[in-house]
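Trainee: Right, I'll just put the structure down here and ask away after.
Each reported figure results from applying straightforward, stated rules to the coordinates on display, with no laboratory input. Treat the numbers as computed from the prediction; the structure is a model and nothing was measured. As a convention, Cβ positions derive from the backbone with ideal geometry for all residues, glycine included, and neighbour counts pool all protein chains shown.
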Amino acid sequence: MTKTIIIPKNLARKDDLIVLEKSDLEKLTKENLELRSALEAILSGEVSLRKKKTRTFREFLKLEFPKYAKSF
C-alpha cells in the first residue's frame with residue numbers, strides 16, 4: 001500500500017505539495033514515458049495515413065502473411 005502525504009497550499013506557500021515514495025515516483029515516471037511513446041507512435045501513424053503513406057490491411061496480409069490473405 002502506498003503512503004502519500006499532501007501538504008495544503010497554505011503551508012506550502014504556492015501550491016499543494018505531495019510527498020510520495022521514490023518507488024511510486026519511478027513507477028509513474030515509467031508509465032508516463034510509455035504513454036508518451038505510445039502517443040507518438042499513434043500520431044506518427046495518423047500523419048502517415050493522411051499522407052497516403054500506409055497500406056491497407058489486406059495489402060499487409062498479402063505481403064507479410066500470404067497464407068492468411070487467401071481466406072480474407
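Trainee: Can you compute the helix-only [θ] at 222 nm over the chain? Use -39500 (n - 2.57) per DSSP H run of at least 4 residues, normalise by all residues, nearest 500 deg cm²/dmol.
Mentor: -19000 deg cm²/dmol
Trainee: What distance in nm separates the simple spin-label points at GLU46 and LYS62, each placed 7 Å from Cα in the Cβ direction?
Mentor: With each label point 7 Å from Cα toward Cβ, the separation is 2.9 nm.
Trainee: Within the range 1-33, which trypsin sites (Lys or Arg not before Pro) sit in a loop by DSSP and count at most 16 neighbouring Cβ atoms inside 10 Å?
Mentor: Filter output for the range 1-33: LYS3, ARG13, LYS14.
Trainee: Any idea which of LEU61, ILE6, ILE42 is furthest toward the positive side of the dipole for the chain, if Lys and Arg beta-carbons carry +1 and Asp and Glu beta-carbons -1?
Mentor: LEU61
Trainee: Additional query: So how strong a dipole does the chain carry about its Cα centre when Lys and Arg Cβ are +1 and Asp and Glu Cβ are -1, to the nearest 20 debye?
Mentor: In debye, rounded to 20, the chain gives about 560.
Trainee: In a Debye calculation with equal point scatterers on the alpha-carbon sites of the chain and no solvent, what is log10 I(q)/I(0) at q = 0.20, 0.23, 0.26 Å⁻¹?
Mentor: One equal scatterer on each Cα of the chain leads to -0.94, -1.01, -1.05.
Trainee: Work out how much length LYS53 to THR4 would gain on full extension: take 0.36 nm times their residue separation and subtract the Cα-Cα distance, in nm to one decimal.
Mentor: Extra length available between LYS53 and THR4 comes to 12.9 nm.
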